[in-house]
Amino acid sequence: MRLLVLGGGGFLGAAVVEAALAADAGVTVFSRSGRPPADGVEVLTGDRRGDLAALAGRRWDAVLDTYTDDEPGAPAVAATARLLSGSVGVYGYVSGMSVHAPDGPAVPDESAPVRSAGAQPAGDPLQERSLAKLAAERVLAEGFDGPVLVPRVGIMAGPRDPSDRFTWWPVRLAGALAGERDRRVCLPGDPGRPVQFSDVRDVAGWVVRMLQEGRGGVFGTVGPGRRETLAGVLDACLRAVGGVPGDVTFVPVGEDALRRGLAGVEEGRRPLWYPEDQIPQEAVDSSAALAAGLVFRPVEDTARDTLRWVRQDRGDRPALDVDLDPDRERALLAGR
């Protein structure tokens with residue numbers, strides 16, 4: 001397969017490049033930086049907002065696009081759809097689970113209602129980005145002349161995660177076992193709340209296989225394909241760093257205390273916690289993707305590999321971009 005990745009330097013894009021190279025695909029990336037994300041990758045330099053000249057006259061078997069076009073009507077995605085029609089076999093576009101309408105079914109699948117302009121409450125933090133993703137989905141369906149593959153992803157974790165939201169947990173627990181942090185650990189929210197997230201490598205590998213097969217369609221690709229509670233995820237992270245039950249004490253901290261204690265902290269700097277009223281669905285039904293071959297690895301494997309990566313990347317005591325330092329965590333545990 002000859003694969004074009006529009007971007008290739010981001011979290012999922014880089015994982016797709018790695019998966020494609022492992023599958024012996026020829027990989028080309030198109031980016032503004034002009035820097036190859038890995039050895040053996042061809043780089044074309046350009047800009048999604050106007051300079052697509054490097055793509056003209058070339059042919060690929062598949063393209064993967066991770067771009068969020070924030071202009072009305074998704075003109076940048078529409079432009080690549082027009083340009084690549086007839087020269088690319090299948091177009092993959094990465095959308096998101098947040099496109100589902102908040103007032104839809106508790107467990108939406110691909111047929112569930114999606115968001116629309118003016119239909120959601122003012123100030124909905126997911127609305128603007130979700131409408132941009134839906135606009136891109138529409139222009140591809142209308143403007144590309146071949147199959148369009150749309151994986152709707154959710155929270156992704158794993159090596160090279162730029163957010164540190166999942167990474168914080170194995171690092172925090174390893175620090176507790178090493179005596180560097182308190183062994184009383186804040187468990188944010190309801191311990192029995194189901195959580196869904198995916199190892200980026202699982203989504204990337206599946207996307208590459210689907211593109212190799214030339215398959216289109218819209219798919220929910222939110223892990224883990226099984227019921228996983230927050231407490232269960234943290235227990236798996238503890239096992240991944242060499243701990244056993246009883247080595248640390250997970251202390252549940254309720255929603256009100258979290259809101260007070262994390263007031264002013266950006267959502268992306270909180271460790272895998274969202275306010276309950278910002279989670280419109282109980283879960284996303286990914287059964288169609290599972291039937292098409294998507295497989296999710298155990299949380300323990302993701303945590304172990306993520307800890308190994310972050311230590312290699314940033315040292316044995318990595319600094320993380322999550323604002324839950326010891327003083328703030330102690331205050332949360334004390335109910336202040």
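The values are calculated or read from the model by the stated rules, or taken from the named source; none is laboratory data. What you are looking at is a predicted structure, and each value in this text was computed from that prediction instead of being measured. Positions of Cβ are generated from backbone atoms using ideal geometry, with glycine treated the same way; all protein chains shown enter the neighbour counts.
For region 125-179, the candidate set comprises residues that are outside any loop (DSSP other than H, G, I, E, B), β-branched (Val, Ile, Thr) and touching a Phe, Trp or Tyr at 6+ places or on another chain (Cβ under 9 Å); within that set, the residue that is farthest from residue 310 (Cα to Cα) is 148.
When you go through 32, 58, 49 one by one, which is the residue that is surrounded by fewer than 19 Cβ atoms within 10 Å (Cβ to Cβ), among the basic types (Lys, Arg) and either at pLDDT 95 or above or not assigned by TED's automatic domain parsing to the domain that holds residue 147 (or both)? Walk me through how you get there before you give the answer.
Working: 32 fails: either at pLDDT 95 or above or not assigned by TED's automatic domain parsing to the domain that holds residue 147 (or both); 49 fails: either at pLDDT 95 or above or not assigned by TED's automatic domain parsing to the domain that holds residue 147 (or both).
Step by step, each of 32, 58, 49 is checked, and only 58 is surrounded by fewer than 19 Cβ atoms within 10 Å (Cβ to Cβ), among the basic types (Lys, Arg) and either at pLDDT 95 or above or not assigned by TED's automatic domain parsing to the domain that holds residue 147 (or both).
On inspection, residue 238 does not qualify as over 30 Å from residue 289 (Cα atoms), under 24 Å from the mean Cα position of the chain (by Cα) and not in a loop (DSSP other than H, G, I, E, B). Of all residues in region 248-275, those that are surrounded by 14 or more Cβ atoms within 10 Å (Cβ to Cβ), under 20 Å from residue 302 (Cβ atoms) and not hydroxyl-bearing (Ser, Thr, Tyr) total 6.
Of all residues in region 136-154, those that are farther than 9 Å from residue 81 by Cα have Cβ atoms under 7 Å from Cβ atoms of residues that are of a type in the set (Asp, Glu), 6 or more apart or on another chain, in 136/69; 150/137. Has region 216-230 got any residue that is aromatic (Phe, Trp, Tyr), outside the structural domain of residue 11 (by TED's automatic domain parsing) and under 18 Å from residue 66 (Cβ atoms)? Checked against the condition, which is being aromatic (Phe, Trp, Tyr), outside the structural domain of residue 11 (by TED's automatic domain parsing) and under 18 Å from residue 66 (Cβ atoms), region 216-230 yields at least one hit. Flag set for residue 311, criterion: within 17 Å of residue 175 (Cβ to Cβ), free of Cβ contacts under 8 Å to residues at least 40 places away in the same chain, out of contact with any Asp or Glu (no Cβ under 8 Å at 6 or more places or on another chain) and not hydrophobic (A, V, I, L, M, F, W, C).
Of all the residues in region 300-321, those that are buried (at least 16 other Cβ atoms within 10 Å of the Cβ), under 30 Å from residue 264 (Cα atoms) and within 17 Å of the chain's Cα centre (by Cα) number 3. If you go through region 62-88 and keep only what is more than 16 Å from residue 31 (Cα to Cα) and under 25 Å from the mean Cα position of the chain (by Cα), you end up with 62, 70, 71, 72, 73, 74, 75, 78, 81.
Scanning region 67-77 for residues that are surrounded by fewer than 20 Cβ atoms within 10 Å (Cβ to Cβ) and out of contact with any Lys or Arg (no Cβ under 7 Å at 6 or more places or on another chain) gives 70, 71, 72, 73, 75.
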